[in-house]
Each structure stands twice: as C-alpha cells, then as structure tokens.
Amino acid sequence: MKKVIVAGKLNVDIFYYLDSLEVFSNNIAKESMMELGGKASNVAVALKKLGVDVMITGCVGTDIFGEFIVKKLGEFGVDTSHLKRCEGDSGRTAIAVTKDGQNTMLNYPGVNEAFSPEMIDWTLAEEGDALFIQFGIPADTIFELSSMAKRAGMMVYVDPSYPSDIPWDAFYYFDYISPNERELLQITGKSSSEKAVKHLFKKGVESVIAKMGEKGAKVYLEKRILDIPAFKSSTVDTTGAGDSFNAAFIYGRLKGMDDEESARLAALAASITVSRKGTTSSFPSIEEIKSEIANRGLKIRL
Ligand code: RIB
C-alpha cells in the first residue's frame, strides 16, 4: 500500500455545541467534547480510516495535550515516530458549533510554530508516495518539505488554510492546492477566483481545487475546469469537512483514479463528515464509503 507523509498543525480541539453564538456574552453549550484536531492530524486519521499508511511529522508540546495527541494518533494507527516533542504548549482550538452546523474557531498555534527546517528528518524522502502539507507551520519548513517531496517524486498536495508568508518559489513544487473560496483570494491577493487560479498556475501550481462547502468544488486543471457537485446530507457539524475531502482526494489519486473521480469521492467523504459531530470521529471508514456508494448507486470505482 502507498504511504502518505503528513505535515502541518497538530492540535487538541475542544468543541462546544450551542444553539447560537454571541460575542461579548456568556454562551452556554449544550454539549462539549475534546478530540484530536489540527489539519495535519485530521488528514492523517482520515487517510488511515481509508486504509492508507500514514507518517506524520511536526511538533507537539511538552504539556498533557502533547501526550494526548501522540496517544490518539497511535490509537488510529498513524506512525508518530517522526513527531518532535517541543518545549512549550501544544496547539489547541476552541470550536463553537451552532445548530446550523457552522463553526467559529479560536486557534492557539503553540509549538506548531516551532517546527523549523532543522527538525525535518530527510529520510522521509525515501518513505512516501505523497506529501500532504498545510500552512500551519513555518513557511521555510513548508518550502523545504515540499521541495524535498517533489525531488523524491512524491505527489505534493497542499491545504493553504492558514495565514502564511510562504514565498512564491514554493508554489512551484505544489501539484495540488486546495483552498476554500476565501483563501483562494486571500493567498493570491486577486479579486476573482479566475484571476487567482491564473496567478497560481503562473507560479507553477499544477491544479487548483477550490472547496466550496455545500456548493461542492471546482477543480481547475491546465486545460479544463471540473465542476464537482456536493452530495446532499443533513449538516450537523461542518468541522473537518475540508480535511476529509483532502484525504479522500489523495486516496483516490494514489489508487489510480483520475482527478474527477477522486474529487467526487472526496465530496462524498465530506458529505458524510458534515453529518456527524467532531473531526476525527466524523471521518468515514473505507467500509462506510463503500456502502454509501452502493446505497446511492454511484459510479465510483474503489
Ligand atoms: O479543519 C478543522 C481543524 O481546524 C480543527 O481540527 C482545528 O484544530 C483547526 O485547526
């Protein structure tokens, strides 16, 4: 089986489920839970649930949250031997989810910001078939990891879901970049999706996947645009839908599916994720995906 190297943020998420949310007010939650989180951990677990071997790299803190993150990743079967324990607090996020399933997050990056290029284990270049990377770690580490992966012949898939000063030179190494509509404009500074995509192509990105939530996704390839509709499902909690999409897309490509089939599979996985609470606990297993494909009579060949 192919192996994916995952890098980016590792967090502990504390969820609060409320009817509505008001700022400057004492909001009382109806339910609360603590989960493993952060986009790197989430994608690693989502891939593992699909049956893909995963190695994760990054920093967790020397606090109890650091222990929790390593333990949980291990329970899901993610290889944590390339994780570093860094002096300080682990990344953490408070997530308020209102009854329409939308979330508001308070992020504290903690030692995710301490993952410097000197901490990269270069032997990873011999291990993976693909690299998933997220913009929640220092820009120079993103640059070094993606150039290492590209030189080693890996597929490089990037989620730019975090403000970053990453140099444009790094974009040359990205096979796929998967922003949401807001991030697409933000990272490029352009006024429309079309202009933003053109800009990314000019910088060397091979394909742009614009994630659009309940409107589905658009995959911009060099010569055509694929419109991928969202699958209908009842939205309970949208947290982690993008991570689920990313993992299933990577799974599809590693299985030899083309971009369109991979994106349809990704949209299906995301639709299952939004119908459940939490992140890692909401990602579908490969068996669940298979039965969903059968129930809906879809033409996706796993
Ligand atoms: O994509 C969801 C993730 O974003 C959460 O797990 C949270 O930690 C934030 O980084």
Note on residue 106: of the conditions (1) buried (at least 18 other Cβ atoms within 10 Å of the Cβ); (2) within 11 Å of the ligand (Cβ to nearest atom), unmet is (1)
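Of everything in segment 12-39, what is within 9 Å of the ligand (Cβ to nearest atom) and not acidic (Asp, Glu)? Give them in sequence order. Please lay out each step first, then the result.
Residues of segment 12-39 that are within 9 Å of the ligand (Cβ to nearest atom), as a first pass: 12-13, 35-39.
Within segment 12-39, 12, 36, 37, 38, 39 qualify.
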Cβ pairs under 6 Å, 6+ apart or interchain, first in segment 1-29 and in a strand (DSSP E or B), second within 16 Å of the ligand (Cβ to nearest atom) and among the acidic types (Asp, Glu), ordered by first then second residue, are 13/35
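From the list 53, 89, 79, 100, which residue is closer than 24 Å to residue 233 by Cα and among the acidic types (Asp, Glu)?
Details: 53 fails: closer than 24 Å to residue 233 by Cα; 89 fails: closer than 24 Å to residue 233 by Cα; 79 fails: closer than 24 Å to residue 233 by Cα.
100 is the lone residue from the list that is closer than 24 Å to residue 233 by Cα and among the acidic types (Asp, Glu).
Determine whether segment 223-236 contains at least one residue that is more than 16 Å from the ligand (Cβ to nearest atom), within 16 Å of residue 213 (Cα to Cα) and among the aromatic types (Phe, Trp, Tyr). Full working, then the answer.
Pass one, segment 223-236, residues more than 16 Å from the ligand (Cβ to nearest atom): 223-234.
With the extra rule that they be within 16 Å of residue 213 (Cα to Cα), the set shrinks to 226-234.
Subsequent filtering for residues that are among the aromatic types (Phe, Trp, Tyr) retains 231.
Yes; the residues of segment 223-236 include at least one that is more than 16 Å from the ligand (Cβ to nearest atom), within 16 Å of residue 213 (Cα to Cα) and among the aromatic types (Phe, Trp, Tyr).
Against the definition (within 15 Å of the ligand (Cβ to nearest atom) and more than 20 Å from residue 90 (Cα to Cα)), how does residue 46 come out, yes or no? Give the derivation first.
Details: within 15 Å of the ligand (Cβ to nearest atom): yes; more than 20 Å from residue 90 (Cα to Cα): yes.
Yes, satisfied.
Do we have any residue at all in segment 65-84 that's part of a loop (DSSP other than H, G, I, E, B), over 16 Å from the mean Cα position of the chain (by Cα) and away from the ligand (no atom under 13 Å from the Cβ)?
Here is the first cut: in segment 65-84, the ones part of a loop (DSSP other than H, G, I, E, B) are 76-78.
Now restrict to residues that are over 16 Å from the mean Cα position of the chain (by Cα): 76-77.
Subset that is away from the ligand (no atom under 13 Å from the Cβ): 76-77.
The answer is yes, given that some residue of segment 65-84 is part of a loop (DSSP other than H, G, I, E, B), over 16 Å from the mean Cα position of the chain (by Cα) and away from the ligand (no atom under 13 Å from the Cβ).
Take residue 55 and decide whether it is more than 15 Å from the ligand (Cβ to nearest atom) and in contact with a strand residue (DSSP E or B) (Cβ under 6 Å, 6 or more places away or on another chain).
Numbers: more than 15 Å from the ligand (Cβ to nearest atom): yes; in contact with a strand residue (DSSP E or B) (Cβ under 6 Å, 6 or more places away or on another chain): yes.
Judged against the criteria, residue 55 is a match.
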Considering segment 115-157, residues that are of a type in the set (Phe, Trp, Tyr) and under 17 Å from the mean Cα position of the chain (by Cα), and then whichever is nearest to residue 176 (Cα to Cα), we arrive at 157
Of (1) surrounded by 17 or more Cβ atoms within 10 Å (Cβ to Cβ); (2) out of contact with any Gly (no Cβ under 6 Å at 6 or more places or on another chain), residue 113 satisfies every one except (1)
The strands (runs of 3 or more DSSP E) lying wholly within segment 188-297 that contain at least 1 residues that are in contact with a Gly (Cβ under 6 Å, 6 or more places away or on another chain) are 207-211, 225-228
For segment 40-64, the count of residues that are over 19 Å from residue 87 (Cβ atoms) and either part of a loop (DSSP other than H, G, I, E, B) or not β-branched (Val, Ile, Thr) (or both) equals 13
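Can you list the strands (runs of 3 or more DSSP E) lying wholly within segment 86-177 that have 3 or more residues being within 28 Å of residue 64 (Cα to Cα)? If you could, list the steps in order and put the result at the bottom.
Values: elements: 91-97, 103-108, 130-134, 155-159.
Answer list for segment 86-177: 91-97, 103-108, 130-134.
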Checked segment 237-259 for anything within 16 Å of the ligand (Cβ to nearest atom) and aliphatic (A, V, I, L, M); matches are 241, 247, 248, 250
Scanning segment 214-243 for residues that are in contact with a strand residue (DSSP E or B) (Cβ under 9 Å, 6 or more places away or on another chain) and small (Gly, Ala, Ser), the one surrounded by the most Cβ atoms within 10 Å (Cβ to Cβ) turns out to be 240
Is it the case, given these coordinates, that residue 1 is surrounded by fewer than 14 Cβ atoms within 10 Å (Cβ to Cβ) and more than 11 Å from the ligand (Cβ to nearest atom)? yes
Inside segment 160-198, the number of residues satisfying the requirement of being more than 16 Å from the ligand (Cβ to nearest atom) and touching a residue at least 40 places away in the same chain (Cβ under 8 Å) is 1
### Message
Any residue that is within 15 Å of the chain's Cα centre (by Cα), within 25 Å of residue 270 (Cα to Cα) and modelled with pLDDT of 95 or more - is there at least one of those in segment 195-208?
### Response
yes
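The values are calculated or read from the model by the stated rules, or taken from the named source; none is laboratory data. Everything numeric here is computed off the predicted structure, so don't read it as measured data. Because the Cβ atoms are built from the backbone with ideal geometry, glycine has one as well, and the counts that use them run over all protein chains shown.
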